[in-house]
Amino acid sequence: AVVDTGIDSSHSEFSGRTVYGKSFAGSDYAYGSDGHGHGTHVASIIGANKDAVGMRGVAYEATIFDYRVGNSAGTFLGVDSDSERAVVFNQHVTDDIKVSNNSWGSKTKIGDYSESYFRAYWANTISSLRSAQQNGTVFVWATGNNGCVLGTEGCLDANINSGLPYRVSELANEWLAVMAVDSNLQETKYTHRCGNAKNFCVTAPGGGDNESTDGIYAAQANGTYVRLSGTSMAAPHVSGVVATTMQQFPSLTAAQIVTRIKDTAVYTGLKGYGASGCTSSTCTT
């Protein structure tokens, strides 16, 4: 499930495939279409065709669901409230979704809010997320792009959406937050770090700070291609890995899939942002 601005199902990267789905953004915004482009880019990173043309998705055999929650301006109006989010995540159970990619969220840091806040104001969201997890869904979330600089408070913690299991612990086992590195495996300026989400967080290619030259090359909603950078691009790489791991090991539970991905991830080659290029050996993991 690609919870996003929609998917241009007519793009050649999805030719020969059926894109299923549902719109949560109102009657003016049907699923299978994307007036913005963000969702199409994300979906193609997950599952674009393997055909030696354009680009290739990580899980190119995946069945894709377009859960459209965004309008043509890129506003995610279908997940504005607790009740709206619950409707989206309950649909995961109805459609038996195994991987949910969420390249969206608030810039607010998870450390700024208490568990009691989420229990009170996100009760329906939490309940629906947990129901989906118990049905076999792994949730993958982008940590956020706050345009932060290393050392500032915003850069050092995941946002409230990706970091939710830090406060709501029962969600942690079937959950992955994702921060971004560039093509040289160096932390980008824009990415939020894992921070409080460190126990359920990994990193993946999100494109460089200069997206015109080092952005992730993927599908654009008008049938062409574009380079974009963000943790929005890093998350679908991980969603693709989750899907292919499930495909290879169908007997594993959602929690076991997440554990395997975390246990086999490595620090090799990763560098921190800036000229110092901090590594796990010089600055500790």
Exercise. Loop-only check: which trypsin sites (Lys or Arg not before Pro) in the range 86-140 are DSSP coil with at most 14 other Cβ within 10 angstrom?
Worked result: LYS107
Exercise. Along the range 230-236, what does the Karplus equation 6.51 cos²θ - 1.76 cosθ + 1.60 (θ = phi - 60°) give for ³J(HN,Hα), rounded to whole Hz, x for Gly and Pro?
Worked result: x, 5, 4, 8, 6, 4, x
Exercise. Using mean Cβ contacts within 10 Å as the protection proxy, how do 241-254, 223-236 order, highest first?
Worked result: 223-236, 241-254
For this session: Multiply the residue gap between ASP96 and SER183 by 0.36 nm, knock off their C-alpha separation, and tell me the result in nm, one decimal place.
Result: 27.9 nm
Seminar exercise, completed: With every protein chain in place, the accessible area of VAL79 for a 1.4 Å probe, in Å² rounded to the nearest 10, comes to 10
Exercise. Which percent of the accessible heavy-atom area of the range 15-112 goes to carbon and sulfur, probe 1.4 angstrom?
Worked result: 46
Problem set entry | Pairs from LYS50/LYS107; LYS22/LYS262; LYS22/LYS189; LYS109/LYS262 whose Cα-Cα separation, in the structure shown, is over 24 Å | LYS50/LYS107; LYS22/LYS262; LYS22/LYS189
Exercise. Between TYR20 and GLN248, what length comes free when the chain is fully extended (0.36 nm per residue of separation minus the Cα-Cα distance, one decimal in nm)?
Worked result: 79.8 nm
Exercise. Say each of SER280 and TYR225 gets a label point 7 Å from the Cα, pointing the same way as Cα to Cβ; how far apart are those two points in nm?
Worked result: 3.2
Seminar exercise, completed: Probe 1.4 Å, heavy atoms of protein chains only: per residue, the accessible area of the chain in Å² is 42
For this session: Hey, for a label at ARG56 modelled as a point 7 Å past Cα toward Cβ, could you say which residues of the range 238-271 have their backbone N under 18 Å away?
Result: 238-245, 247-248
Seminar exercise, completed: Simple SL model, points at 7 angstrom along Cα→Cβ for SER106 and ALA255; separation in nm is 2.8
Exercise. Simple spin-label model, 7 Å along Cα-to-Cβ: SER10 to TYR117 in nm?
Worked result: 4.4
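The values are calculated or read from the model by the stated rules, or taken from the named source; none is laboratory data. Quick caveat: nothing in here was measured; it's all calculated off a predicted structure. Because the Cβ atoms are built from the backbone with ideal geometry, glycine has one as well, and the counts that use them run over all protein chains shown. Remember, those area values only see protein heavy atoms, side chains included, never the ligands or the DNA or RNA. Shrake-Rupley method; radii C 1.70, N 1.55, O 1.52, S 1.80 Å.
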